[in-house]
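Have a look at the structure below, then the notes.
The values are calculated or read from the model by the stated rules, or taken from the named source; none is laboratory data. What you see is a predicted model; the values in this text were computed from it and never measured. Cβ placement follows ideal geometry from the backbone for every residue including glycine, while neighbour counts extend to all protein chains displayed.
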Amino acid sequence: ELTGFEYTLNYYIIKDINAPLLYITLTRGAHLLTAMDEHLEDSHPSIKSMVLEHRKDKGPMRIRMRHLPESKIKEIEDILFSTERPVQQRFYEGRGINFRTGDIELWPTEYYLCGGHGLTGIFVNEKAETTLPGLYAAGDVSLVARGHLSGAFVFGEIAAEEATAFAQKHRVKEIKLKEVEQLKKDLAQRMEQKNGEVSIEEFEYKVRRLISDYVTPPKNAYKLNMALWWMDRFQKEIREKVRVRHIHDLFKMLEVENIILCAKLSATASLERQESRWGFWHYRADFPKKDDQNWLKHIMLKQETPGEIKVTYRPIIKR
């Protein structure tokens, strides 16, 4: 079972590259500014506060380091360009950004679904067990809400220990060769789509654009129903119109297919939760108030047959 798919999260990070920056720069004296050069909280601002400033038309936010001593800037560069994300050095050089003279723009990301930084994922208990016996989950794919890196470490170790114990008690089941052959047949058929009229890159662009149009907040019933209509259509068209030239296109096709399914799950959960909760991350313009009386519970999703999503509820456990 899955849960939390109505929690559509976005972050506020470096424009055009998905890479961290705030905790490395602000903790070493960098300034956080609005487009109007207004100073925001420099120590550790919340993502929500930055998004709110952006929505007040004060964006883009910027990181400024030109006032820092050379030794401190070099310290920041050493972390960013080695330990954290080496590709950032090439990115900044390509943009002509020098920390000593220029600012770094921050912008809202696309909306996404995540367990470690949000509230979305595979439902697990305290043993990292999912509702499917023998399957364990940890990290960003599991709902260990806002566990971040430490949560991934802790639940990763728990999952490893529990999975080991499970494997020692249960014999490996025989592989269902019929299902394996069906999967191989399906992949082979996809590789035959060499004459499709749309490239997988164009198709992915349209999928992502329609998700941004209809699944993300502010939400309402019309937009969410349109999202479901489009995702159903995309699930058919990816097998009918998309061109597959080689194995890389096939991998990309499978990735886009999963993006479509996740968007469908998110729209379904968002449509079900007829209230607003978690600030802007699930804001329903047609249900703008939080409603603890009716909606203080988990919305659970399960796909029993292809294309059919079953919705149930699970109570909040209070200890």
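Total residues in the range 68-100 satisfying the condition of being assigned to a helix (DSSP H, G or I) and over 25 Å from residue 208 (Cβ atoms): the figure is 18. On the stretch given as the range 224-257, residues that are touching a Leu at 6+ places or on another chain (Cβ under 6 Å) and β-branched (Val, Ile, Thr) total 1. Within the set 90, 85, 55, the sole residue that is more than 23 Å from the chain's Cα centre (by Cα) and not aliphatic (A, V, I, L, M) turns out to be 90.
Listed here are the residues, each with its yes/no results for (1) in contact with a Ser or Thr (Cβ under 8 Å, 6 or more places away or on another chain); (2) touching a residue at least 24 places away in the same chain (Cβ under 8 Å); (3) not in a helix (DSSP H, G or I).
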residue: 118; (1), (2), (3): no, yes, yes
residue: 124; (1), (2), (3): yes, yes, yes
residue: 127; (1), (2), (3): no, yes, yes
residue: 132; (1), (2), (3): no, no, yes
residue: 145; (1), (2), (3): no, yes, yes
residue: 151; (1), (2), (3): no, yes, no
residue: 154; (1), (2), (3): no, no, no
residue: 157; (1), (2), (3): no, no, no
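State all residues of the range 201-216 that are under 17 Å from the mean Cα position of the chain (by Cα) and either farther than 15 Å from residue 109 by Cα or crowded, with 20+ Cβ neighbours inside 10 Å (or both); if no residue qualifies, say none. Passing the criteria: 204, 205, 207, 210, 211, 214, 215, 216.
In this structure, residue 26 does satisfy being touching a Leu at 6+ places or on another chain (Cβ under 8 Å), surrounded by 14 or more Cβ atoms within 10 Å (Cβ to Cβ) and not basic (Lys, Arg).
Would you check if there is a residue in the range 157-169 being among the basic types (Lys, Arg) and either over 23 Å from the mean Cα position of the chain (by Cα) or modelled with pLDDT of 95 or more (or both)? Yes; the residues of the range 157-169 include at least one that is among the basic types (Lys, Arg) and either over 23 Å from the mean Cα position of the chain (by Cα) or modelled with pLDDT of 95 or more (or both).
Condition check ((1) at pLDDT 90 or above; (2) charged (D, E, K, R)) across all residues:
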residue: 1; (1), (2): yes, yes
residue: 7; (1), (2): yes, no
residue: 13; (1), (2): no, no
residue: 43; (1), (2): no, no
residue: 47; (1), (2): no, no
residue: 76; (1), (2): yes, no
residue: 94; (1), (2): yes, no
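Which of the numbered conditions does residue 193 fail, given that it passes all the others? Conditions: (1) surrounded by 13 or more Cβ atoms within 10 Å (Cβ to Cβ); (2) assigned by TED's automatic domain parsing to the domain that holds residue 226; (3) assigned to a helix (DSSP H, G or I); (4) not β-branched (Val, Ile, Thr). Of everything listed in (1) surrounded by 13 or more Cβ atoms within 10 Å (Cβ to Cβ); (2) assigned by TED's automatic domain parsing to the domain that holds residue 226; (3) assigned to a helix (DSSP H, G or I); (4) not β-branched (Val, Ile, Thr), residue 193 misses just condition (3).
State whether one or more residues within the range 101-109 are outside any strand (DSSP E or B) and modelled with pLDDT under 90. Within the range 101-109, one or more residues are outside any strand (DSSP E or B) and modelled with pLDDT under 90. If you check residue 65 against the conditions, is it of a type outside the set (D, E, K, R) and closer than 24 Å to residue 10 by Cα? Here the answer is no, as residue 65 does not meet what is asked.
Quick one: would you say residue 62 is touching a Leu at 6+ places or on another chain (Cβ under 6 Å) and either surrounded by 14 or more Cβ atoms within 10 Å (Cβ to Cβ) or over 28 Å from residue 265 (Cα atoms) (or both)?
Yes: the conditions hold for residue 62.
Looking only at the range 26-67, residues that are over 23 Å from residue 100 (Cα atoms) and assigned to a loop (DSSP other than H, G, I, E, B) come to 1 in all.
Name the single residue that is farthest from the chain's Cα centre (by Cα) among those in the range 233-253 being loosely packed, with under 13 Cβ neighbours inside 10 Å and in a helix (DSSP H, G or I).
Filtering the range 233-253 down to residues loosely packed, with under 13 Cβ neighbours inside 10 Å leaves 233, 236, 240, 246-248, 251.
Still in the list and also in a helix (DSSP H, G or I): 233, 236, 240, 247-248, 251.
Numbers: 233: 22, 236: 24, 240: 27, 247: 25, 248: 22, 251: 19 Å.
Only one residue tops the list, namely 240.
Among the residues of the range 260-319, write down those that are modelled with pLDDT of 95 or more, surrounded by fewer than 16 Cβ atoms within 10 Å (Cβ to Cβ) and in a loop (DSSP other than H, G, I, E, B). Passing the criteria: 274, 285, 286, 288, 289, 290, 291, 296.
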